[in-house]
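Data block below; observations after.
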C-alpha cells in the first residue's frame, strides 16, 4: 500500500493514516490476495472514503469506520422493498400464465 503526501505533511499523521488503511483491509478480506480484494472492492472503497475525504484525513478510528459502513439508508430500504415487490409481481404474472 502506498500513501502519497506532500513535503509539508506531518509524517506521524501520515504513518497513522497508513496504519489505519492497513487495518481496514483485514476487516473486509479474510485473505489478502487479489481475488479477495476484488470481491470486496466496494466495501474497501467505502471504508477508505471514510478515512480520507477530499484529500484530508478524517479523525476516525476503526470502530467508527465499521459503524459508518454498516449503516443502511432509508433510500436503500425503499429501493430493496420496491425490488422485492416487483419480483413478487413478476412471479405472480408467471403463475397466472
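FYI, it's all coordinate maths here, none of it is from the lab. Predicted model, so just to flag it, every value in this text is computed and none were measured. Backbone-built Cβ (ideal geometry, glycine too); neighbour counts: all protein chains shown.
Select from region 1-11 the residues that are more than 22 Å from the chain's Cα centre (by Cα) and under 25 Å from residue 37 (Cα atoms) and list them in ascending order. Break it down stepwise before answering.
Within region 1-11, the first condition is being more than 22 Å from the chain's Cα centre (by Cα), and the residues that meet it are 5-11.
Answer for region 1-11, where residues must be more than 22 Å from the chain's Cα centre (by Cα) and under 25 Å from residue 37 (Cα atoms): just 5.
Can you tell which of 97, 77, 19 is loosely packed, with under 10 Cβ neighbours inside 10 Å and free of Cβ contacts under 8 Å to residues at least 12 places away in the same chain? If you could, list the steps in order and put the result at the bottom.
On the way: 77 fails: loosely packed, with under 10 Cβ neighbours inside 10 Å; 19 fails: loosely packed, with under 10 Cβ neighbours inside 10 Å.
Of the residues listed, the single one that is loosely packed, with under 10 Cβ neighbours inside 10 Å and free of Cβ contacts under 8 Å to residues at least 12 places away in the same chain is 97.
Could you tell me which numbered condition residue 14 fails, if it satisfies all but one of (1) over 21 Å from residue 3 (Cβ atoms); (2) over 14 Å from the mean Cα position of the chain (by Cα)?
Among (1) over 21 Å from residue 3 (Cβ atoms); (2) over 14 Å from the mean Cα position of the chain (by Cα), the lone unmet condition for residue 14 is (1).
Quick one: which helices (runs of 4 or more DSSP H) lie wholly within region 10-97 and hold at least 1 residues that are touching a helix residue (DSSP H, G or I) at 6+ places or on another chain (Cβ under 8 Å)?
Details: elements: 11-28, 34-39, 41-51, 62-70, 74-96.
Result: 11-28, 34-39, 41-51, 62-70.
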